[in-house]
1. Sum -39500 (n - 2.57) across every DSSP H segment of at least 4 residues in the chain, then divide by the residue count to get the 222 nm mean residue ellipticity, nearest 500.
2. Can you give the net charge of the other residues whose Cβ lies under 15 Å from the Cβ of PRO457, counting K and R as +1 and D and E as -1?
3. Rounded, prolate or oblate: which one fits the chain, using the alpha carbon gyration tensor with axes a ≥ b ≥ c (rounded when a/c is under 1.5, else prolate when a/b beats b/c, else oblate)?
4. What fraction of the DSSP beta bridges in the chain is antiparallel, stated in percent and rounded to the nearest 5?
5. Round to a whole angstrom and tell me the spacing of the C-alpha centers of segment 1-49 and segment 167-185.
6. Determine, for each peptide in 236-248, 342-354, the mean count of other beta carbons within 10 angstrom over its residues, then list the peptides with the highest first.
7. Express in nm, to one decimal, how much length is gained between VAL227 and ARG425 on full extension, taking 0.36 nm for each residue of separation and deducting their alpha carbon distance.
8. Can you list the residues of segment 9-38 with backbone N under 11 Å from a point 7 Å past the Cα of ALA51, pointing along Cα to Cβ?
Amino acid sequence: MTLHRKNLIDGEWLGEVGSRNINPSNTNDVVGEYASAGPEEAKQAIAAAKAAFPAWSRSGLLARHAVLKKTSDEIMARKDEIGRSLAREEGKTLAEGVGETIRAAQIFDFFAGETLRLSGEMVPSVRPGVGVEMTREGVGVVGIITPWNFPIAIPAWKIAPALAYGNTIVFKPAELVPESAWTIVDILHRAGLPKGVLNLVMGKGSVVGQAMLDSPDVNAISFTGSVGTGKRVAAASVEHMRKFQLEMGGKNPLVVLDDADLAVAVDCAVNGAYFSTGQRCTASSRLIVTDGIHDRFVDAVKERLHKLVIGDALDAKTQIGPVVDQTQLKQDEDYIAIGRQEGAELAFGGDRLERGTPGFYLQPALFVGSTNAMRISREEIFGPVANVIRVKDYDEALAVANDTPFGLTSGICTTSLKHATHFKRNSEAGMVMVNLPTAGVDFHVPFGGRKGSSYGPREQGRYAMEFYTTVKTAYTFAG
Ligand code: ADP
């Protein structure tokens, strides 16, 4: 039976079917059919969110806590079913799909707790008899625009704090993964959100997303996606003097030093570069390796790549699922061709793979003999493709790691306390990993980067408050 999912606008499920959701592991499998909103529906959703803001922003803490807690509990109780559906529509493995679903439940649980920990400050004024209170208030209508690579975790880490701090929401998920977005909204709606507080507008970025950017009634936009769209969000937001927060690409370095534990380094590289089919903004796409360990490292990574099971995301044995769609597959293959043309040596993989069903299967690709000036070192590929850059020592490794327009995550594999400490202090990235993959972060601490990767306050954990609230300073003269 085909699912027919509608948009949620002002508490009503609305809209005719406009797009199909295809399983990248088996393109004959249609996950469901989804409403595709036009600009008018986007405007209705924004108006509904605006109307709902005054009451929701003043709602009791326990009302907000109850919705977030119930949502967390339902997601956790349904983790296997939701995780499977996520793997089916996005192509990450079952284990990754269930893990991401658990992550979403944990995020809602964290922010349920945060509703009960809201606080402010009270200080004496410099004027005798006057008191000063500093409190935080919701920002208003928040536009949430999300990408396809974390279909439930990214919506969760934006929606949960937005609601906890009293904002109302217009949520536009990526076109490729509407089922996970619909599921999370359905759960929140049934958990008791008043009408208009959370609106779902599935549809095209150029239509629904653009209508959100162009509206003077959207007070803040939280965006995760490409650099190109991020710049549009920024320009439109400045025009409307609204708050905005951008999470975009990465070209994350993993440094491997001569003194590294080889097994740890190989684990970090293979996990960071290839798991989730390399489709993570935190993926390690540049492997920067010093001379003394280079050949042993490359051989060991190749050996691991030979053993990886690439196949249908829903097969429990699969370790790497398919690429998300035809467009992304073409981008990956184009970059593999570019790497070869630039003179890098393809040491492993890079070919299309045939499996039992028609899908976007690609063998993980490893380049060696690359330089940091090559396009494959400078541009985000967003697929299972990584390149090794050989360097002579730690100083050169650090310089190469930092020589990038991006700055999301970075990593180092070393047993030297001196180098690990120096790298933590001098790496130009928002998140730094020592003897850990560059991808894979906790949900209760800040997430975000520097340079071309991110703009605005950090996401997740208590730091999320910076974006989803605005500070008020109130003075009282009591006589
Ligand atoms: P990706 O490469 O991850 O698909 P995009 O930046 O194209 O990156 O997409 C991220 C999100 O931005 C998606 O939800 C997409 O629909 C949305 N989007 C695309 N174009 C626009 C636009 N002009 N205005 C607002 N949102 C957009």
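1. Working: 15 runs with 186 residues, N = 479.
About -12000 deg cm²/dmol.
2. On the way: positive: ARG136, LYS158, ARG242, LYS243, ARG450, ARG458, ARG462; negative: GLU247, GLU459, GLU466.
Taking every Cβ under 15 Å from that of PRO457, the sum is +4.
3. Working: a/c = 2.06, a/b = 1.36, b/c = 1.51.
Oblate is the answer for the chain, as a/c is 1.5 or above yet b/c matches or exceeds a/b.
4. On the way: 32 of 74 bridges.
Antiparallel bridges: around 45 percent, rounded to the nearest 5.
5. About 9 Å separates the Cα centre of segment 1-49 from the one of segment 167-185.
6. Details: 236-248: 19.2, 342-354: 15.8.
Sorting 236-248, 342-354 by mean packing, highest first, produces 236-248, 342-354.
7. Numbers: separation 198, 0.36 × 198 = 71.28 nm, distance 2.64 nm.
Full extension from VAL227 to ARG425 adds 68.6 nm.
8. Output list for this probe position: 10-12.
The values are calculated or read from the model by the stated rules, or taken from the named source; none is laboratory data. Here the structure is a predicted model, which means the values were calculated and not measured. Neighbour counts run over all protein chains shown; Cβ positions are idealised from the backbone, glycine included. Accessible surface is based on the protein model in full, side chains and every heavy atom, while ligands, DNA and RNA are left aside. Shrake-Rupley method; radii C 1.70, N 1.55, O 1.52, S 1.80 Å.
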